[in-house]
Amino acid sequence: MNKIPLFIKEGWVESIEFRNSMIIIKKSVVGEIEKLGDRVITGVDAQVKDLQEALAQAAKNQEAKEEGRKKSKQ
């Protein structure tokens, strides 16, 4: 899989986006060489320092969601 597919080399892909577990590929009307340009990676890395603390916070968040659902049903 180290080869670049021909349709990408020929410029038939306008753009490729990765959003929330989805890959969005926009096709081009006209093929042009090197249309995609440079690779751009964006986003934020989050580091968990204490796993136990993170798990406790997740449990609290889940409890709060459940309490909110119970109150909205009443």
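Among the residues making up region 49-58, those that are within 25 Å of the chain's Cα centre (by Cα) and surrounded by 10 or more Cβ atoms within 10 Å (Cβ to Cβ) are A54, L55, Q57, A58. I8 meets the stated requirement of being at pLDDT below 80, among the hydrophobic types (A, V, I, L, M, F, W, C), under 22 Å from the mean Cα position of the chain (by Cα) and surrounded by 10 or more Cβ atoms within 10 Å (Cβ to Cβ). Listed by first and then second residue, the pairs with beta-carbon distance under 8 Å, at least 6 apart or on different chains, first residue in region 51-74 and at pLDDT below 80, second exposed (fewer than 10 other Cβ atoms within 10 Å of the Cβ) and aromatic (F, W, Y), form an empty list. The set of residues in region 19-48 being hydrophobic (A, V, I, L, M, F, W, C), loosely packed, with under 10 Cβ neighbours inside 10 Å and at pLDDT 80 or above consists of M22, I23, I24.
The values are calculated or read from the model by the stated rules, or taken from the named source; none is laboratory data. It should be emphasised that the depicted structure is a prediction, and the values quoted were computed from it without experimental measurement. Reconstructed Cβ throughout: ideal geometry from the backbone, glycine too, with neighbour counts over all protein chains shown.
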